[in-house]
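Heads up: the structure comes next, in structure tokens.
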Amino acid sequence: MSGSGSNPDQYDGLLKRYAEEYGLDWRLLKRQMLAESGGNPRAVSPRGAKGLMQFMPGAWRDWGEGDPFDPEASIRAGAAYMSFLLSRFEEIPDERERYKFALAAYNAGRANVNRCLEYARQAAGAPGSFEEWVKAGRPPGPWQQWKVAREFLSMVTGRNAAVTIRYVEKIMGEEEE
């Protein structure tokens with residue numbers, strides 16, 4: 001990322017406001033912002049993601065309004081997108097685990113995390129596709145834990161899996177020693 005840092009605490013009011021509006025924990029949203037941009041509203045990643053919440057141009061068109069470098073617009077869009085992602089992992093009953101899957105999807109793409117879940121379900125002997133799993137009565141299984149499902153992420157994203165795993169662990173405060 002390029003650009004200079006700023007005091008990330010200055011965004012606490014916005015983080016609290018939009019976390020409350022979208023039903024998120026503001027502290028996790030702040031940790032996500034720090035993981036994404038270091039709290040720098042002018043941050044630009046090597047791949048072209050912009051702003052505090054690091055939106056790619058296509059995702060910004062879907063979720064953002066105005067300037068991606070505007071802190072309020074970026075935080076609002078990031079909170080809205082995280083809320084959306086959380087709603088898409090209904091098969092994960094535990095709220096904290098669901099948050100991990102949503103963070104992974106924010107970082108690696110929802111389609112990639114869905115494929116990871118499919119492989120994890122199959123490995124556990126459950127119906128692989130989400131639709132088949134629902135038809136089977138939604139039996140619970142170990143794939144509903146991020147530490148189990150993440151092992152299949154490299155089958156989908158290759159070497160980038162390690163980046164996503166560290167991203168989730170950092171935000172959730174579960175970095176391994």
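By the Kirkwood approach, averaging reciprocal distances over each pair of separate Cα atoms, segment 57-147 gets a hydrodynamic radius of 14.2 Å. Annotation: lysines with alpha-carbon distance below 21 angstrom to K30 (same-chain offsets under eight excluded): K16, K50, K100, K170. Size of segment 95-172 from its Cα atoms: along the principal axes, largest to smallest, the extents are 34, 26, 17 Å.
A cut-off of 5 Å between modelled amide H atoms, ignoring neighbours fewer than 5 places along the same chain, links D67 with no other residue.
On the basis of the beta-carbon distance and an R0 of 41 Å, E65 and S154 show a calculated FRET efficiency of 0.70. Across segment 65-74, computed HN-Hα scalar couplings (Karplus, 6.51 cos²θ - 1.76 cosθ + 1.60, θ = phi - 60°) run 9, x, 8, x, 8, 6, x, 5, 4, 5 Hz from first to last residue, x flagging Gly and Pro. As a size descriptor, the averaged projected area of the C-alpha convex hull of segment 9-87 was calculated at 4.6 nm². Between E132 and R88, the modelled label-to-label distance comes to 2.2 nm, taking each label 7 Å out from Cα in the direction of the beta carbon. In the chain, the DSSP-assigned H stretches of four residues or longer account for a calculated mean residue ellipticity at 222 nm of -17500 deg cm²/dmol, using -39500 (n - 2.57) per stretch and the full residue count as denominator.
Short to long, the 5 Å bins of the Cα pair-distance histogram for the chain hold 1, 9, 17, 20, 20, 14, 10, 5, 3, 1, 0 percent of all pairs.
Every number here is computed from the coordinates shown, using simple stated rules; none is lab data. Fair warning: this is a prediction, and the values are worked out from it, not measured in the lab. Don't worry about glycine lacking a Cβ; one is built from the backbone with ideal geometry, like all the others, and counts go over all protein chains shown.
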